[in-house]
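Every number in this text was worked out from the coordinates using simple rules, so none of it is lab data. Every value quoted in this text rests on a predicted model; they were computed, and no experiment measured them. Virtual Cβ from ideal backbone geometry, glycine too; neighbours counted across all protein chains shown.
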Amino acid sequence: FKQKTAYEIASCLVGSEMCIRDRIKGIIMNYKNTRYLLTKRPEGMPEDDCWAIDEEAITTLQNNEILIKADYLSIDPYMRGRMNDGMSYAAPVQLGEVMVGESVGRVIESKSNKYKIGDLVTVHKGWQTCIKAKDSEVTILRVPDSKLPSSVFLGTLGMPGRTAFFGLNRVGMPKSGETLVVSAASGAVGSVVGQLGKLAGCHVVGVAGGPEKSEYVRNSLKLDHCIDYKNDNILEKLKEYCPNGIDIYFENVGGELTKNVAQLLNKGARVPVCGFISKYNSTDIRSEETPFHVLGALNPKPKHRFFVVTEWMNEFEKTTSVLHEHVKNGDIKYRETITEGFENAPQALRDVLSGKNFGKQIIKI
């Protein structure tokens, strides 16, 4: 009996909600929260000694608090930047703090009028297995009813999917007939960008690493072309696949790819800068050549800017609904790499930073 989760117990007990709450209360308060704390700033690729695993007891909930048992943890490239102690669009994770990240899970105890036991939610409270939070926490989002696995709400129907949607539509502003190039086209953000571009009537060229990912982009995502940056001559392929130049470049990678794309950007081109993962493990990123250096040196300069998905936070629910319909209708396809075990989160982050994962990287807790 005590080996069952509180939510499983609540699902099988018969009786009033009050009876259920009374019978599981003692078990809930014996819950332990396992979490990863940042203990060291990485130099290059983050190794295991950058984190310490910590365990804490779950204390009694106060009014307007909920307890969430995390089922899946999202692993994303931006996490590497938040490990650095430097100026950025968001504050760095402080040493001794919980590593940043988003989870999806069930409410297993509630002293809130907003959320009840059994509600499925996403929450951006870091690498933790049990999350106690105020019901006013702005990052908590209720997951809509769906036949899709809950992990999808950390990927295509979550932050990466919304990032793709807003970056392409609000910064890239695609028009039918234009040419769109998207880097990291098989990844969590890039795969959605490419498919949204096709839905908008664009000629879409993806860039991915290796034959398997490139084939996936062409045959499963149905983009017009895909360049394998590991094996193809990038500039030659760009000229072949973009005979009328490039109108939109969705930037995820940086480095040599950006330099090659820059040569073919049309007048009036737009470049949403989501990130530049090729430089994230630099030991001195401030000295690196970024997309802003490359694009800013062009004459004329394309319209380009870095954007953050939270700029459109008040539209999250509506946008998730739009993406949900696309996935249900088969207009948008997705792929996940699900790694079993919370203890494997550091290696999963290294896999993302080195391109070893395929699609959205998820940890099954």
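Structure notes:
- Computed from backbone phi with θ = phi - 60° and the Karplus coefficients 6.51, -1.76 and 1.60, the 3J(HN,Hα) list for region 99-105 is 4, 6, x, 10, 10, 10, x Hz; x is used for glycine and proline.
- Within a Gaussian network of the chain (alpha carbon springs, distance under 10 Å), most fluctuating of A52, A188, A90: A90
- Rounded FRET efficiency, nearest 0.05, which uses the C-beta distance separating N314 from I53 and R0 of 35 Å: 0.45
- If you take all other residues with their beta carbon under 13 Å from the beta carbon of G268, and give Lys and Arg +1 and Asp and Glu -1, the sum is +3.
- Whether region 247-311 is rounded, prolate or oblate, judged on the alpha carbon gyration tensor where a/c under 1.5 counts as rounded: oblate
- Net charge contributed by nearby residues that have their C-beta within less than 15 Å of C202 (K/R +1, D/E -1): 0
- At the listed q of 0.11, 0.19 Å⁻¹, the Debye profile of region 46-134, built from one uniform point per Cα, gives log10 I(q)/I(0) equal to -0.36, -0.92.
- Lys pairs under 15 Å by Cα in region 107-246, provided they are eight or more residues apart or on distinct chains: 11
- In a fully extended conformation the segment linking E289 and Q94 would gain 67.6 nm over its present Cα-Cα distance, using 0.36 nm per residue.
- Per-residue ³J(HN,Hα) for region 74-84, Karplus 6.51 cos²θ - 1.76 cosθ + 1.60, θ = phi - 60°, Hz, x for Gly and Pro: 7, 10, 9, x, 4, 4, 4, x, 6, 7, 7
- C-alpha long axis of helix 17-28 to longest principal axis of the chain, angle in °: 80
- Rounded FRET efficiency, nearest 0.05, which uses the C-beta distance separating K147 from N84 and R0 of 56 Å: 0.90
- Mean silhouette area of the chain, derived from the convex hull of its C-alpha atoms and averaged over all directions, reads 18.4 nm².
- Rounded, prolate or oblate (a/c below 1.5 giving rounded, otherwise prolate when a/b exceeds b/c) for region 264-365 by Cα gyration tensor: oblate
- Put simply, the C-alpha atoms of region 109-236 give a gyration tensor, and the ellipsoid matching it has half-axes of 36, 16, 12 Å, longest first.
- Euclidean distance between Cα centres, region 250-328 to region 86-139, Å: 27
- GNM result for the chain, Cα springs below 10 Å: residue of K222, K318, K69 fluctuating most strongly: K318
- Only Lys, Arg (+1) and Asp, Glu (-1) charged, at Cβ; the chain dipole about Cα centre in debye: 720
- Over the residues of the chain, the helix contribution to mean residue ellipticity at 222 nm works out to -7000 deg cm²/dmol, using -39500 (n - 2.57) for each DSSP H run of at least 4.
- Choice from I53, I68, I227 showing the highest fluctuation, given a GNM over the chain with Cα pairs closer than 10 Å: I53
- Reach of K267 by Cα under 15 Å, taken over aspartates and glutamates that are not fewer than 8 positions away in the same chain: E178, D247
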